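The values are calculated or read from the model by the stated rules, or taken from the named source; none is laboratory data. Given the structure is predicted, the values throughout are model-derived calculations rather than measurements. Quick reminder, even Gly has a Cβ in these numbers, built from the backbone with ideal geometry, and neighbours come from all protein chains shown.
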Amino acid sequence: MPTIDVVIELSRDACLAHYEGRVGQVMARSLDGRRVVFPAEALRRVVTQDGVHGRFRLTFSDAGRFVAIERIA
């Protein structure tokens, strides 16, 4: 399955908008400069009290559908 590493910097308030469903998708930049769009509900797996901050690996199916998100060092 294809993976893309991204940096996500979202404040607590921005995450709240995603969590409440006011925003359906997240747009991030990959480490190699590509623009990546994935479902906002994925953030629920990695959000903290301060929001979402750090590097993450997104996994997609061969058909291009989002599968998983994990924090990376």
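Things to note:
- Test: residue 33 is surrounded by fewer than 10 Cβ atoms within 10 Å (Cβ to Cβ) and at pLDDT 90 or above: yes
- Filter pass, residue 39 being touching a residue at least 12 places away in the same chain (Cβ under 8 Å) and surrounded by 12 or more Cβ atoms within 10 Å (Cβ to Cβ): yes
- When every residue of segment 9-16 is checked against the conditions, none turns out to be at positive phi, in contact with a Leu (Cβ under 9 Å, 6 or more places away or on another chain) and surrounded by 13 or more Cβ atoms within 10 Å (Cβ to Cβ).
- Which listed residue is at pLDDT 85 or above and in a helix (DSSP H, G or I), from 42, 28, 68: 42
- Looking across segment 42-65 at every residue that is touching a Ser or Thr at 6+ places or on another chain (Cβ under 8 Å) and hydrophobic (A, V, I, L, M, F, W, C), the one that is surrounded by the most Cβ atoms within 10 Å (Cβ to Cβ) is identified as 58.
- Residue list for segment 17-28, filter: surrounded by 13 or more Cβ atoms within 10 Å (Cβ to Cβ) and not aliphatic (A, V, I, L, M): 18, 19
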